[in-house]
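The values are calculated or read from the model by the stated rules, or taken from the named source; none is laboratory data. Note that the structure is a prediction, hence the values are computed from the model and not measured. Neighbour counts are summed over all protein chains in view; Cβ atoms, including those assigned to glycine, are modelled from backbone coordinates with ideal geometry. Only protein heavy atoms, including side chains, enter the accessible area calculation; ligands, DNA and RNA are left aside. Shrake-Rupley method; radii C 1.70, N 1.55, O 1.52, S 1.80 Å.
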Amino acid sequence: TSAQIGVTGLAVMGRNLARNFARNGFSVAVHNRTAAKTRALVEEFGHEGTFVAAESAEEFVAALERPRRLVVMVKAGEPTDAVIREFAPLLEPGDMIIDGGNAHFADTRRREKELREQGIHFVGTGVSGGEEGALNGPSIMPGGSVESYATLGPMLEKISAKAADGTPCVTHCGPDGAGHFVKMVHNGIEYADMQLIAEAYHLLREVAGYSPAEIADIFRTWNRGRLDSYLIEITAEVLSHVDAATGKPFVDVVQDRAEQKGTGRWTVQIALDLGVPVSGIAEAVFARSLSGHTALREASRDLAGPTAQPLGEAEKAAFADQVEQALYASKIVSYTQGFHEIQAGSEEYGWDIDLGAVAAIWRGGCIIRAAFLDRIRAAYDARADLPSLLSDKGFAEEIATAQDDWRAVLVAATQQGVPTPGFSAALAYYDALRAERLPAALTQGQRDFFGAHTYRRTDREGSFHTLWGGDRSEVEA
Ligand code: NBP
């Protein structure tokens, strides 16, 4: 038998992706460095479809129909290079290596270029949705050549998640590293979404005094409205879960130190390089880092804070409604920032990424799937060259409605000493963008004072410098 597609790397993700292909009627060659995993997969799930087990790289390559389509699902980084070194010499021009790991897009660009010289298509592909998504339908973000997508696209469409309107959650993002870049920003937005939800919980708990179970109910209510999303849904599940050992709310027995694997951090690092303000994502990454600084937190425990003034019964429900407004407004801002980064990456690398299509493929399968993404897609459909999501009339109107509550929530948070880095960064970004004048003028003055860095005037063309150390007259630079 010759297999239509091959999967090498059979840990949770690769195994489930291979099963997904098989369940959709494709014959799948499977391979893993440690062959026992290959055998285990076929023994356990062989009945789900047509699997061809390969013990060696040569056997694996020989099992694939041409042009070969070889999906690599190994640990991102050096293992991906090791697998490429092993397989590339066995391949022929026209064959495709699809890297479904969480690679850094710069690595994908390098690998794509190297393999292109051998005539091999390297398709860096973002896959979101965790193990469950890999098995039942992930959101898929392929990069690579248009040529490779012609045959690969229909296969990926079959195994992908489907949005509520039936559209497959996969699109060709653009050449070389575009897919992994989009996946990186997806994860950055995921960090921001999670942080905003965590802040909403913290406010409802500390300011309003609701219990975790009550907050779960509030989130369930929100999930029936415009905040309808996978993350809100699972948050309600986590909050209503009770620890069997202690009978306490689960959220109270988990250590409050959030970990990270790095894609959120990359989103911020690249944003710094591109000069794109993604303050919401950055705060989300920093919030996780701060939570892990146990000694620093211990040493800071006695620092002064305000005296808590718990809300009365009547005020609690009204406050919860305000938090919903603040969360929604902050969410609009974090997506605005994330899409700005994709737009900037697309311009920098000449990818020509369709932002509306990206919003559309995140509607199903992935961690940030949400009703909200339909709105983003509609905004870009209405105007492909939208300068920013905040320029969309619908979003601008919603924020206009939300802003008084958003500000009130932050006043309460500040007065009660509850940290809201995500909500606050989002509002600062919003207010900075709307400002008629920013204090950047003063910053330019300071720079000119100490470093003769020059400045531009509001009333004339050209660059100028003031002779600060002399008679303070102005010279044209
Ligand atoms: P891991 O990231 O834990 O990788 C384990 C796999 O890599 C095993 O098959 C292992 O083979 C193989 N491998 C390693 Br490690 N070094 C190798 C080498 N030098 N040569 C060949 N194979 C090597 O697996 P995962 O959690 O399934 O994730 C796979 C990819 O998918 C990663 O890039 C991950 O970032 C990405 N991803 C994961 C998720 C998720 O929710 N877990 C979601 C989206 C994307 P062995 O069996 O012989 O050790």
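Annotations
- Condition met for Pro212 (out of contact with any Phe, Trp or Tyr (no Cβ under 6 Å at 6 or more places or on another chain) and either open to solvent by 40 Å² or more (accessible area, probe 1.4 Å) or within 30 Å of Arg69 (Cα to Cα) (or both)): no
- Scan of the stretch 82-130 for residues that are more than 8 Å from the ligand (Cβ to nearest atom), open to solvent by 30 Å² or more (accessible area, probe 1.4 Å) and under 24 Å from the mean Cα position of the chain (by Cα), ordered by number: His104, Ala106, Asp107, Arg109, Arg110
- Out of Arg301, Arg288, sole residue that is among the basic types (Lys, Arg) and in contact (Cβ under 8 Å) with a residue 24 or more places away in the chain: Arg288
- Among the residues of the stretch 255-300, those that are at pLDDT below 95 and not small (Gly, Ala, Ser) comprise Glu259, Gln260, Lys261, Thr263.
- Going through (1) surrounded by 15 or more Cβ atoms within 10 Å (Cβ to Cβ); (2) of a type in the set (Ser, Thr, Tyr); (3) out of contact with any Lys or Arg (no Cβ under 8 Å at 6 or more places or on another chain) one by one, Ser2 falls short only on (1).
- Subset of the stretch 215-265 (residues that are of a type outside the set (Lys, Arg), within 16 Å of the ligand (Cβ to nearest atom) and open to solvent by 70 Å² or more (accessible area, probe 1.4 Å)): Glu259
- Residues in the stretch 133-168 that are without any contact (Cβ under 8 Å) to a residue 12 or more places away in the chain and not aliphatic (A, V, I, L, M): Pro154, Asp165, Gly166.
- Residues that are under 21 Å from Lys183 (Cα atoms) and part of a helix (DSSP H, G or I) do not occur anywhere in the stretch 91-103.
- Scan the stretch 72-81 for residues that are in a helix (DSSP H, G or I) and near the ligand (Cβ under 8 Å from one of its atoms) and the total you get is 3.
- If you filter the stretch 13-29 down to residues that are open to solvent by less than 10 Å² (accessible area, probe 1.4 Å) and more than 28 Å from the chain's Cα centre (by Cα), you find that the one that is farthest from Leu70 (Cα to Cα) is Ala22.
Conditions tested, residue by residue: (1) in contact (Cβ under 8 Å) with a residue 40 or more places away in the chain; (2) of a type in the set (D, E, K, R); (3) surrounded by 14 or more Cβ atoms within 10 Å (Cβ to Cβ).
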{"position": "Thr34", "(1), (2), (3)": "no, no, no"}
{"position": "Glu44", "(1), (2), (3)": "no, yes, no"}
{"position": "Val52", "(1), (2), (3)": "yes, no, yes"}
{"position": "Val72", "(1), (2), (3)": "yes, no, yes"}
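- Exactly one residue out of Ala304, Ala314, Ala284 is surrounded by fewer than 20 Cβ atoms within 10 Å (Cβ to Cβ) and part of a helix (DSSP H, G or I), and it is Ala314.
- Any hit, the stretch 440-457, residues being under 34 Å from the mean Cα position of the chain (by Cα) and hydrophobic (A, V, I, L, M, F, W, C): yes
- Each residue in the stretch 241-271 was checked for being among the hydroxyl-bearing types (Ser, Thr, Tyr) and within 30 Å of Gly101 (Cα to Cα), and 2 pass.
- Of all residues assigned to the stretch 172-180, none qualifies as being open to solvent by 10 Å² or more (accessible area, probe 1.4 Å) and assigned to a helix (DSSP H, G or I).
- The stretch 334-358 - residue that is over 14 Å from the mean Cα position of the chain (by Cα) and open to solvent by less than 10 Å² (accessible area, probe 1.4 Å) and, of those, nearest to Gly174 (Cα to Cα): Trp351
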